Amino acid sequence: MISDKAKEQIDAWIKKYPEGRQSSAVMEALKIVQAENANSLSAEAIQAVADYLDMPRIAVQEVATFYENYNHKPAGKHTIRICHNISCMLNGADNLIDYLEQKLGIRTGEVTKDGLINVKKVECLGACVGAPMFQIGDKYYENLTEKKIDEILATLK
Amino acid sequence: MNEVCFKNLNKEECHSLKVYRESGGYKVWHKILQGEITPEEIIDELKTSGLRGRGGAGFPTGLKWSFMPRQSDGQKYVVCNSDEGEPGTCKDRDILRYNPHAVIEGMAIGGFVMNASVGYNYIRGEFMEPFKRFEGALKEAYDAGLLGKNINGSSISFDLYTHLGAGAYICGEETALLESIEGKKGQPRFKPPFPANVGLFGKPTTINNTESFASVPEILANGGQRFADLGVENSGGCKLFSVSGHVAKPANFEIPMGTPFKDLLEMAGGMRKGGKLKAVIPGGSSTPVLTAEAAMAMTMDYDGIEVAGSMLGAGSVIVMDDSTCMVETLTRLAHFYYDESCGQCTPCREGTGWLYRVLKRMTDGDGVPEDIDLLLSVQDKIMGNTICALGDAAAMPVESFLRNFRSEFEYYIEHGRSMIKG
Ligand SMILES: Cc1cc2nc3c(=O)[nH]c(=O)nc-3n(C[C@H](O)[C@H](O)[C@H](O)COP(=O)(O)O)c2cc1C
Ligand code: SF4
Ligand code: FES
């Protein structure tokens, strides 16, 4: 369930915390395992992280459901996380969400038929002076317009 | 403008160790390593500087640092709060991207003052670009022998690590943040005990905001008095203000405390085309909204904003023009707090749900006249009755939106549609 490469990455996080505090690495461990398993966390994945960090399964489950960055149902290869909070809303985020839904033929929360993209409405991503904005993977895209969105979507493979 | 955290902003590679050092960076740290400054002197300078916590609560940083039991045995920690999630706030992201070494030096100095040999910088999970920048700067600092054990042969050790969040606004609350570093759900702790006594992993801990730490090296390099003089009474120094919303040129501005709001608005290019100023939230979504009139008379410092009827908060200035429907705006904020409540206390968990549902019903066109009193009574039941300040943060906008823009709510209820958007 957890590859050697993932274990190596998790171990690097564990080293940051005091002896016996490996559970501090649980948030990153879950992200690493999620990235390896089609962007979502199954019950087995959660169990595997619990075993690896020597934590009760329920403790890992709680973390996996409390934080927003974890998926529990299949996600697209790319998740577009579009901010709909106040500064983005004032700058037309709602129209852009409509535009994305129309263009991709899905509602927020759904995945395109080819499994490539899903769209998620999220709260303020801390880039309000670049509103409206969204995040794909590690990258922020700011000052979005419909034209810019077209260009960005064309690069998603 | 741009004299403290942003002072290198216009230089090439402003985030690099080289540029930071050329502008006097790590000089204070070197003096400390050579035993030329005592913790007491640093605390005195910070008190003189008037630096107040930039994370939202505005607590004097020098005083906070003096609370740590530095003489006690055992591990102690300093923690930097880079969780930046308050709607409207986006300054710490730029500090991490453009001046990461100031955060590192500020945290190292904090470690020395409070006798804490380990620090964590908690960076929100979505900030991967700032995270990589900060990691790069950490590596530079380690490679240059500025961090680690017995640095430069001194008796001083300081190790600094990053911790990434995973998407939860509540983790910005300092005790929720500590829970999160411990690998748990981010639920705020009961206080007391305060983190200075029982903090991270049960050890004495001080938590400060990114901008607070990043201001420290500059204060100590040039003296607390100089920093104090940049600002006004009760609000020392410069502060970063994120100006967003309906302005022509939204951006972060580092300006002296006490600057008139109208000057700040001008720096942001004024209102965007065709718009007329209607309302301003001066300190982030959790602070009360102001009318245009109140905002235009306000100065940007702790007291000035309080006199105007709001709070400086994190310095997140959200500007709204006359095309803004206040009912729909408040509904969006209410949804945010409802979504982000950690669910631990009943008034917050149930109250934020009520606020959102009543407002949603209103914007769906099904509001009834009693809804206004209902909103006011629900927000009143939350205020002051919760473990952490998220409850108050959810309540305050409701009261101020209704007080300042009541007729829009009444119109929405009566006509089932927005007075502004039709
Ligand atoms: C719901 C909530 C969210 C918060 N979010 C942040 C945040 O993102 N960043 C921050 O520095 N402080 C945040 N705070 C304030 C912290 O609890 C704490 O006061 C601050 O980090 C202390 O640092 P300072 O004294 O340097 O401001 C938040 C508080 C609450 C109640
Ligand atoms: S006030 Fe809200 S967010 Fe804070 S502890 Fe209580 S339920 Fe959690
Ligand atoms: S409101 Fe959208 S990034 Fe802050």
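Give me the pairs, please: first residue somewhere in the range B:47-76 and small (Gly, Ala, Ser), second residue anywhere and within 16 Å of ligand 3 (Cβ to nearest atom), beta-carbon distance under 6 Å, and either six or more positions apart or on two chains.
Taking only residues 6 or more apart or on different chains, the pairs are B:56/B:313; B:56/B:314.
Return the only residue of B:319, B:368 being surrounded by 19 or more Cβ atoms within 10 Å (Cβ to Cβ) and among the β-branched types (Val, Ile, Thr). I'd like the intermediate steps shown before the answer.
Numbers: B:368 fails: surrounded by 19 or more Cβ atoms within 10 Å (Cβ to Cβ).
Result of the check over B:319, B:368: B:319.
When residues of the range B:157-209 are filtered for being among the small types (Gly, Ala, Ser), within 15 Å of ligand 2 (Cβ to nearest atom) and in contact with a Ser or Thr (Cβ under 8 Å, 6 or more places away or on another chain), how many remain?
2
Keeping to the range B:66-80, report how many residues are in a loop (DSSP other than H, G, I, E, B) and buried (at least 24 other Cβ atoms within 10 Å of the Cβ).
Result for the range B:66-80: 1.
What number of residues within the range B:371-397 are away from chain A (no Cβ under 14 Å), away from ligand 2 (no atom under 12 Å from the Cβ) and in contact (Cβ under 8 Å) with a residue 12 or more places away in the chain?
Going through the range B:371-397 one residue at a time, the tally reaches 10.
Restricting attention to the range B:252-273, report how many residues are assigned to a loop (DSSP other than H, G, I, E, B), within 14 Å of chain A (Cβ to nearest Cβ) and touching an Asp or Glu at 6+ places or on another chain (Cβ under 8 Å). Break it down stepwise before answering.
Going through the range B:252-273, the residues assigned to a loop (DSSP other than H, G, I, E, B) turn out to be B:257-258, B:268-270, B:272-273.
Filter once more, keeping what is within 14 Å of chain A (Cβ to nearest Cβ): B:268-269, B:272-273.
Next, only the ones that are touching an Asp or Glu at 6+ places or on another chain (Cβ under 8 Å) stay: B:272.
Residues flagged as assigned to a loop (DSSP other than H, G, I, E, B), within 14 Å of chain A (Cβ to nearest Cβ) and touching an Asp or Glu at 6+ places or on another chain (Cβ under 8 Å) within the range B:252-273 amount to 1.
Checking the structure you have, find out if any residue of the range A:75-93 is surrounded by fewer than 17 Cβ atoms within 10 Å (Cβ to Cβ) and closer than 30 Å to residue B:269 by Cβ.
Residues of the range A:75-93 that are surrounded by fewer than 17 Cβ atoms within 10 Å (Cβ to Cβ), as a first pass: A:77, A:92.
From what's left, closer than 30 Å to residue B:269 by Cβ: A:92.
The answer is yes, given that some residue of the range A:75-93 is surrounded by fewer than 17 Cβ atoms within 10 Å (Cβ to Cβ) and closer than 30 Å to residue B:269 by Cβ.
Residue A:62: surrounded by fewer than 17 Cβ atoms within 10 Å (Cβ to Cβ), at the interface with another protein chain (Cβ under 10 Å from one of its Cβ atoms) and over 29 Å from residue A:144 (Cβ atoms), yes or no?
On the way: surrounded by fewer than 17 Cβ atoms within 10 Å (Cβ to Cβ): yes; at the interface with another protein chain (Cβ under 10 Å from one of its Cβ atoms): yes; over 29 Å from residue A:144 (Cβ atoms): yes.
So residue A:62 passes the test.
Residue by residue through the range B:334-348, note down the ones that are part of a helix (DSSP H, G or I) and within 14 Å of ligand 1 (Cβ to nearest atom). Break it down stepwise before answering.
Step one: filter the range B:334-348 for residues part of a helix (DSSP H, G or I), giving B:334-340, B:346-348.
Listed by number, the residues that qualify are B:336, B:337, B:338, B:339, B:340, B:348.
Residue by residue through the range A:81-135, note down the ones that are assigned to a helix (DSSP H, G or I) and more than 12 Å from every other protein chain (Cβ to nearest Cβ). Even if it seems obvious, please write down each step before you answer.
Filtering the range A:81-135 down to residues assigned to a helix (DSSP H, G or I) leaves A:86-90, A:93-104, A:128-130.
Passing the criteria: A:95, A:96, A:97, A:98, A:99, A:100, A:101, A:102, A:103, A:104.
For the range B:81-120, which residues satisfy the criterion of being aromatic (Phe, Trp, Tyr) and either more than 23 Å from residue B:2 (Cα to Cα) or buried (at least 24 other Cβ atoms within 10 Å of the Cβ) (or both)? If you could, list the steps in order and put the result at the bottom.
Taking the range B:81-120 first, the residues aromatic (Phe, Trp, Tyr) are B:98, B:112, B:120.
Result: B:112, B:120.
For the range B:81-140, give me each residue that is among the charged types (D, E, K, R), under 18 Å from residue B:181 (Cα atoms) and within 16 Å of ligand 2 (Cβ to nearest atom). Give the steps one after another, and end with the answer.
Step one: filter the range B:81-140 for residues among the charged types (D, E, K, R), giving B:83-84, B:86, B:91-94, B:97, B:105, B:124, B:126, B:129, B:132-133, B:135, B:139-140.
Filter once more, keeping what is under 18 Å from residue B:181 (Cα atoms): B:83-84, B:124, B:126, B:135.
Across the range B:81-140, the qualifying residue is only B:83.
Pick out, from the range A:1-65, the helices (runs of 4 or more DSSP H) lying fully within it that include 1 or more residues that are in contact with a strand residue (DSSP E or B) (Cβ under 8 Å, 6 or more places away or on another chain) and among the hydrophobic types (A, V, I, L, M, F, W, C). Step through it out loud before you land on a result.
Working: elements: A:4-14, A:26-36, A:43-53.
So the answer is A:26-36.
Which residues, taken from the range B:44-59, are hydrophobic (A, V, I, L, M, F, W, C) and either more than 7 Å from ligand 1 (Cβ to nearest atom) or buried (at least 24 other Cβ atoms within 10 Å of the Cβ) (or both)?
Going through the range B:44-59, the residues hydrophobic (A, V, I, L, M, F, W, C) turn out to be B:46, B:51, B:57, B:59.
If the condition is that a residue be hydrophobic (A, V, I, L, M, F, W, C) and either more than 7 Å from ligand 1 (Cβ to nearest atom) or buried (at least 24 other Cβ atoms within 10 Å of the Cβ) (or both), then B:46, B:51 are the ones that fit.
Looking at the structure I just gave you, is residue A:98 more than 16 Å from ligand 1 (Cβ to nearest atom), over 18 Å from the mean Cα position of the chain (by Cα), over 30 Å from residue B:248 (Cβ atoms) and not assigned by TED's automatic domain parsing to the domain that holds residue A:30? So that I can check it myself, show each step before the final result.
Numbers: more than 16 Å from ligand 1 (Cβ to nearest atom): yes; over 18 Å from the mean Cα position of the chain (by Cα): yes; over 30 Å from residue B:248 (Cβ atoms): no; not assigned by TED's automatic domain parsing to the domain that holds residue A:30: yes.
When the stated conditions are applied, residue A:98 does not pass them.
Within 17 Å of the chain's Cα centre (by Cα) and either more than 9 Å from chain A (Cβ to nearest Cβ) or modelled with pLDDT under 95 (or both) - does that describe any residue in the range B:109-119?
Here is the first cut: in the range B:109-119, the ones within 17 Å of the chain's Cα centre (by Cα) are none.
The answer is no, given that none of the residues of the range B:109-119 is within 17 Å of the chain's Cα centre (by Cα) and either more than 9 Å from chain A (Cβ to nearest Cβ) or modelled with pLDDT under 95 (or both).
Picking from A:137, A:105, which residue would you name as being among the small types (Gly, Ala, Ser) and either free of Cβ contacts under 8 Å to residues at least 40 places away in the same chain or within 29 Å of residue B:325 (Cβ to Cβ) (or both)? Before you say what the answer is, go through the steps one by one.
Values: A:137 fails: either free of Cβ contacts under 8 Å to residues at least 40 places away in the same chain or within 29 Å of residue B:325 (Cβ to Cβ) (or both).
None of the other options fit; the residue is A:105.
If residue B:63 satisfies all but one of (1) buried (at least 17 other Cβ atoms within 10 Å of the Cβ); (2) within 12 Å of ligand 1 (Cβ to nearest atom); (3) not small (Gly, Ala, Ser), what's the number of the condition it fails?
Going through (1) buried (at least 17 other Cβ atoms within 10 Å of the Cβ); (2) within 12 Å of ligand 1 (Cβ to nearest atom); (3) not small (Gly, Ala, Ser) one by one, residue B:63 breaks only (1).
Would you call residue B:401 within 16 Å of residue B:286 (Cβ to Cβ), in contact with a helix residue (DSSP H, G or I) (Cβ under 7 Å, 6 or more places away or on another chain) and among the hydrophobic types (A, V, I, L, M, F, W, C)? Break it down stepwise before answering.
On the way: within 16 Å of residue B:286 (Cβ to Cβ): yes; in contact with a helix residue (DSSP H, G or I) (Cβ under 7 Å, 6 or more places away or on another chain): yes; among the hydrophobic types (A, V, I, L, M, F, W, C): yes.
The answer is yes for residue B:401.
What pairs can you find where one residue is in the range B:131-160 and of a type in the set (Lys, Arg), the other is surrounded by fewer than 19 Cβ atoms within 10 Å (Cβ to Cβ), and their Cβ atoms are less than 8 Å apart, with a gap of 6+ or different chains?
B:133/B:97; B:149/B:157; B:149/B:159
Is it the case, given these coordinates, that residue B:239 is more than 11 Å from chain A (Cβ to nearest Cβ), of a type in the set (Lys, Arg) and crowded, with 24+ Cβ neighbours inside 10 Å?
Working: more than 11 Å from chain A (Cβ to nearest Cβ): yes; of a type in the set (Lys, Arg): yes; crowded, with 24+ Cβ neighbours inside 10 Å: yes.
For residue B:239, the condition - more than 11 Å from chain A (Cβ to nearest Cβ), of a type in the set (Lys, Arg) and crowded, with 24+ Cβ neighbours inside 10 Å - is met.
For a quick check of your reading of the model, give me the residue pairs whose first member lies in the range B:346-370 and is within 14 Å of another protein chain (Cβ to nearest Cβ), whose second is within 16 Å of ligand 1 (Cβ to nearest atom) and among the charged types (D, E, K, R), with beta-carbon atoms closer than 9 Å and at least 6 apart or on different chains.
From residues that are within 14 Å of another protein chain (Cβ to nearest Cβ), the pairs are B:352/B:339; B:352/B:340; B:356/B:339.
The values are calculated or read from the model by the stated rules, or taken from the named source; none is laboratory data. This is a predicted model, so every value here is computed, not measured. FYI the Cβ positions are ideal-geometry reconstructions off the backbone, even for glycines, and counts take in every protein chain you see.
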